[in-house]
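These notes concern the structure reproduced below.
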Amino acid sequence: WANGEIFEYFLHHKKEKEIKLITDIHSLNEKELQFIKDLDNFLNNKGKVLKFFNVHNGKYQNLKEIL
């Protein structure tokens, strides 16, 4: 999928305001991390909140809190 298609999927098919993902942010490579940052920014601009499960503390957090 192209990035735009993935962004639209999260925008239109995930109806909740808060979208939760489980991944170890610290294990992503630079390209993957940039994609996640772009997705987070896109969804925030659309009024949605992207949260990630932080494996280090067992909580869902915003990307900025983890990085």
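Some notes on this structure:
- DSSP assigns beta bridges within the stretch 3-66; of those with both partners inside it, close to 45 percent run antiparallel.
- For the stretch 3-66, the relative contact order works out to 37 percent when only alpha carbon pairs closer than 8 Å and six or more residues apart are counted.
- With all projection directions averaged, the alpha carbon convex hull of the chain covers 4.5 nm².
- Using θ = phi - 60° in the Karplus curve 6.51 cos²θ - 1.76 cosθ + 1.60, the 3J(HN,Hα) couplings for the stretch 48-55 round to 10, 10, 9, 10, 10, 6, 8, 5 Hz; x is entered for Gly and Pro.
- Range in the chain, longest, excluding exposed trypsin sites (Lys or Arg not before Pro) [loop by DSSP; at most 16 other beta-carbon atoms within 10 Å]: 18-45
- For the chain, the list of GluC sites (Glu not before Pro) that fall in a loop by DSSP and count at most 14 other C-beta atoms within 10 angstrom reads 16.
- Between residue 55 and residue 18, the simple spin-label model (points 7 angstrom out along Cα→Cβ) gives 2.2 nm.
- Label sites at residue 5 and residue 37, each approximated as a point 7 angstrom past Cα along Cα to Cβ, lie 2.6 nm apart.
Read-outs throughout are calculated quantities, based only on the coordinates presented, and are distinct from any laboratory measurement. Here the structure is a predicted model, which means the values were calculated and not measured. Glycine also receives a Cβ, built like all others from the backbone with ideal geometry; neighbour counts cover every protein chain displayed.
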